[in-house]
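Below is one structure, written out as structure tokens; comments come after it.
We did not get these values from a lab; they are worked out from the coordinates using the rules stated. Model, not experiment: these values are computed from the prediction. Please note: Cβ atoms are built from the backbone with ideal geometry, for glycine as well, and neighbour counts cover all protein chains shown.
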Amino acid sequence: MESYLHPEFPQIKICGLTKTEDAVKCASLGADAIGLVFFKRSPRYITREKAKTICDALPEAFPKVGVFVDEPFNSLMETVFKCRLNAIQLHGNEPPKLVRDLIDQGLNVIKALYIESRPSVSQVASYNASAYLVECARGELPGGNAMTWNWEDAAEFGRRYPMMLAGGLSSENVASAIEKAMPDMVDVSSGVENAPGKKDMYKVQEFIKAVRGCAPKRELRRIF
């Protein structure tokens, strides 16, 4: 599902949205996708009903990514249909067959792979995802846990596969992360917040500005 229309700078996903007005503003500021977290242990968890309200306020074609951890296929698809999601991000130990089944439904599927945990980046051959989110995976919860890491460790992976980079990103360090890892897309949540799920639109604007100021060293793939 990779496109050959190459962006001028890495695409941007703002994740962990909990308010409709914030999602609409992120899109208007130039984000390429928003993420909605359906993992109940997350401080950014939202219900299907709340997510539907957010998705209904955005254009149908705008990428709305559901973030899940070890959710079964039927439950995933119920959320997809109810909320009009057009992409899925899997952050657990989901089997490769689940990735294939979701792609067969016409979904853009991003599988999270980790530098210091499992499923590891070394297991990429087991999957055939639309793209891969790469982060370090330190901390108690699946996800970046607001921790920075050696982004250069992901550079070789990004040269070979469509890659979204996450983990501890902010407007202050995203240019350095892009320089080191050369991702096709960056994914930020806590780095543009005042509190979990409470996005700061000034921080979002500054983050987008910082990404757009980067000059990629290689031709980038468009994930969305």
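If you average 1/r over every pair of different alpha-carbon atoms in the stretch 79-170 and take one over that average, what Kirkwood value in Å do you get?
Numbers: mean 1/r = 0.0735 Å⁻¹.
Kirkwood hydrodynamic radius for the stretch 79-170: 13.6 Å.
What 222 nm value per residue comes from the helices of the chain, counting each DSSP H run with n ≥ 4 as -39,500 (n - 2.57) and dividing by all residues, nearest 500 deg cm²/dmol?
Numbers: 7 runs with 64 residues, N = 224.
Value at 222 nm, helices only, nearest 500: -8000 deg cm²/dmol.
From the C-alpha gyration tensor of the stretch 1-77, pull out the three semi-axes of the equivalent ellipsoid (sqrt of 5λ each), sorted largest to smallest, in whole Å.
Details: eigenvalues 96, 53, 27 Å².
In descending order the semi-axes read 22, 16, 12 Å.
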For the chain, the dipole about the Cα centre with charges only on Cβ (Lys and Arg +1, Asp and Glu -1), to the nearest 20 debye, works out at 240 debye
Taking 7 Å along the Cα-to-C-beta vector as the label spot, tell me the Asn128-Arg159 distance in nanometres, rounded to one decimal.
2.6 nm
Would you work out which of Ala155, Ser189, Ser176 lies farthest towards the positive end of the dipole of the stretch 154-223? Charges go on Cβ: Lys and Arg +1, Asp and Glu -1.
Ala155
I need the phi-derived Karplus couplings for the stretch 213-224: 6.51 cos²θ - 1.76 cosθ + 1.60, θ = phi - 60°, integer Hz, Gly and Pro marked x.
x, 8, 10, x, 8, 9, 6, 8, 8, 8, 8, 10
Using alpha-carbon coordinates alone, the radius of gyration and Dmax of the chain in Å work out to 15.6, 42
Which whole-number percent is the relative contact order of the chain (Cα, under 8 Å, 6+ apart)?
24 percent
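Lys pairs in the stretch 147-224, Cα-Cα under 26 Å, at least 8 apart or on separate chains: how many?
Numbers: Lys180/Lys203; Lys180/Lys209; Lys180/Lys217; Lys198/Lys209; Lys199/Lys209; Lys203/Lys217; Lys209/Lys217.
So the count works out to 7.
How would you order 149-157, 41-49, 63-71 from highest to lowest mean count of nearby Cβ atoms within 10 Å?
Details: 149-157: 18.0, 41-49: 15.6, 63-71: 22.0.
Per-residue Cβ counts within 10 Å, averaged per peptide and sorted highest first, yield 63-71, 149-157, 41-49.
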